[in-house]
Amino acid sequence: MHSSAPSPEAWLRRRGVLRPFGRRRVVAGAVMLSALPLVGSAQAQGGGEPDVILSGMFITLDAALPRAEAIAVRRGIIAAVGTRAHVDSTAGPTTRRLDIPGVALPGFADAHVHTLALGELLETLDLHGLSKAEVLGRVRRAAAAAPAGQWIRGAGWDQALWRPPEFPTAAELDSVSAGHPVLLDRIDQHAAWLNSRALRLAGITRERADPVGGRIIRDADGAPTGVLVDSAVALATRVVPAPDAEALERRLRAALAQYAAWGLTSVHDAGASLRELAAFRSLAAEGALPVRIYAMAVARDSTLARTLARGPEVGVGGGMLTIRSVKVVLDGALGSRGAELRAPYSDAPAERGLVLASDATVDSILRVATARGFQVSVHAIGDEANRRLLDAVERAGAAGRALRVRDEHASMVRDEDVPRFARLGVIASMQPVFVGEYSRFAEDRVGPARVASVYRTRDLLERGTVIASGTDFPASDAGDPISTLFSMVTRRGADGTPRAGWQPNQRVTVDAALRSMTAGPAYAAFQERELGALTVGRAADVTVLSADPYALPPDQLRSLRVLMTIVAGRTTYRARESPAGRVAPRR
Ligand SMILES: [Zn+2]
């Protein structure tokens with residue numbers, strides 16, 4: 001539903017010079033990014049006294065000075081790192097002091113989020129982890145409270161949690177919806193469950209043919225049952241009234257505040273519309289962004305064309321907003337059998353998934369985006385979609401590689417394709433919390449032999465791939481970085497299951513996981529000189545945890561709490577102490 005061929009060469013018309021990407025050092029394939037330039041450690045940078053000195057315990061993720069007691073910050077940039085005595089010696093009469101509780105790390109990034117969807121989720125029914133009866137209960141309560149005729153929205157249901165694990169029906173929703181149209185997104189946002197009123201408003205009838213790239217689930221007589229898959233979902237969402245500008249901004253602000261509370265200092269928005277980009281720009285101009293945003297514009301006609309025509313926007317609003325990537329979607333998701341597989345689904349032998357962008361479309365977007373200085377971020381889940389992406393990068397040659405093409409999800413990668421990521425400089429933008437979801441259905445979808453190719457984090461790392469970790473929330477079980485760390489190290493989902501870990505041979509160390517949440521996303525956003533470690537000259541972005549993650553047994557990583565979030569030296573979140581002295585729980 002995200003794809004369409006780009007219009008011809010209209011946007012190739014160059015307005016102004018291209019940005020000097022060529023000067024940037026490309027470190028394709030550096031496993032843990034240890035080859036990145038590390039700025040000197042315990043030296044203060046010239047140019048005046050620090051605004052603030054942070055004191056506490058710092059894990060810098062800088063090999064030259066892994067631990068430190070204090071950091072001096074000047075104009076949002078780290079001016080000194082080292083012992084308390086050394087950093088204190090840089091203070092001037094106006095320098096403020098801030099004691100940091102817990103253990104401070106470089107600010108956590110989430111390399112794949114959907115900010116507006118999170119904002120909508122915060123205003124709609126959160127159905128994650130609920131039984132069908134619980135979902136229906138929530139809808140019943142919301143319908144009773146809503147003004148007549150208003151759409152009831154929800155997201156996060158997952159039939160894989162139900163017994164039997166079958167798609168639900170419109171009739172089930174009709175019994176609780178009191179005449180309201182109801183639309184509930186599946187957890188992967190590649191399917192939706194509607195009631196009969198919503199189906200009627202969307203014009204989805206027995207006569208309505210399946211749209212290209214989508215499916216209307218039907219009963220034996222051909223009548224729609226209430227579930228729409230992939231591009232068919234758009235038939236319904238397009239009749240839902242869009243939020244006005246005020247509602248859009250309210251939702252974005254709510255999501256951004258949530259990110260700060262989760263300890264995030266940077267997020268990569270994986271598919272923003274023109275309206276969302278405009279709202280990000282105005283929030284950046286107001287100084288109202290509590291989190292750095294690296295935005296990928298959706299590669300659809302007008303959004304792609306206008307974004308490319310405008311050119312990359314780097315570090316707007318004091319470094320808080322960068323728009324330099326476009327997002328292309330190659331296939332659907334595995335849960336709804338939309339992921340493009342080479343061989344048929346094990347549990348649906350007639351199906352191989354959906355092709356949402358052809359090779360010609362991908363080649364064309366790579367060509368025009370790269371020419372305009374934009375990175376291309378490509379959603380690829382099935383093994384065939386991943387192969388097609390790698391082939392396209394290979395065809396694009398050196399120009400495409402310099403722009404650090406990102407494989408968003410890299411969910412199912414065949415053996416022969418694993419080494420191609422590092423060789424072609426393709427970044428694997430992965431979501432460790434997906435292992436929870438995949439543990440529930442991946443083997444059913446692809447069978448016992450192919451399941452070893454699903455979410456092979458360690459295989460990719462060992463072959464030199466740069467991994468940028470994220471969550472894809474709300475299209476996943478959890479959006480907080482503690483869940484990412486826990487899932488990547490233990491291969492257990494955000495809820496802790498399966499206890500033994502799913503495909504535990506793909507576990508990685510705490511260090512590798514933390515780097516994929518800091519240096520990895522920084523590299524994926526061309527920000528490795530500014531972010532990703534606590535060293536002199538980089539931004540003072542800090543996430544403060546309740547304990548040292550290196551010292552915890554892996555199964556206790558989930559107990560970590562975020563105590564404080566700091567962006568450019570400014571506190572964007574501070575946990576409340578409860579009367580018992582405990583920190584209020586996250587989320
Ligand atoms: Zn996504």
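Computed quantities for the displayed model
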quantity: Assigned charges on the beta-carbon of Lys, Arg, Asp, Glu; the chain dipole about Cα centre (debye); calculated: 1180 debye
quantity: In nm, spacing of pseudo-spin labels at THR237 and ARG67 (7 Å Cα→C-beta vector); calculated: 4.7 nm
quantity: The chain: relative contact order as a whole-number percent, Cα under 8 Å and 6+ apart; calculated: 19 percent
quantity: Positive dipole terminus of region 135-221, leading residue within GLY179, VAL212, TRP193 (C-beta point charges); calculated: GLY179
quantity: Over the chain: helical MRE at 222 nm, DSSP H runs n ≥ 4 each giving -39500 (n - 2.57), nearest 500; calculated: -8500 deg cm²/dmol
quantity: Nearest 10 degrees, 0 to 90: helix 274-286 Cα axis against the chain principal axis; calculated: 30 degrees
quantity: More than 24 angstrom apart: percent of Cα pairs within region 398-499; calculated: 23 percent
quantity: On Cα atoms only, tilt of 481-490 relative to the major axis of the chain in degrees; calculated: 80 degrees
quantity: Estimated inter-spin distance, ALA133 and THR94, nm [label 7 Å along Cα→Cβ]; calculated: 6.5 nm
quantity: Full-extension gain in nm, ARG310 to ASP210, via 0.36 nm per residue minus C-alpha separation; calculated: 32.4 nm
quantity: log₁₀ of I(q)/I(0) at q = 0.11 Å⁻¹ - the chain, Debye sum with one point per alpha carbon; calculated: -1.02
quantity: Förster radius 22 Å - calculated FRET efficiency between ARG574 and THR83 (Cβ-Cβ, nearest 0.05); calculated: 0.30
quantity: Simple Cβ-charge dipole of region 315-436, Lys/Arg +1 and Asp/Glu -1, about Cα centre, in debye nearest 20; calculated: 560 debye
quantity: Projected label distance in nm at ASP415 and ALA245, using a 7 Å step from Cα toward the beta-carbon; calculated: 5.8 nm
quantity: Degrees, to the nearest 10: 383-402 long Cα axis against longest axis of the chain; calculated: 40 degrees
quantity: Region 161-203 - Kirkwood radius from inverse mean 1/r over Cα pairs (Å); calculated: 11.0 Å
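Read-outs: derived from the displayed coordinates by stated rules, not from any lab. Computed from a predicted model, the values in this text were never measured in an experiment. Every residue, glycine as well, gets a Cβ built from its backbone with ideal geometry; the counts of neighbours run over all protein chains shown.
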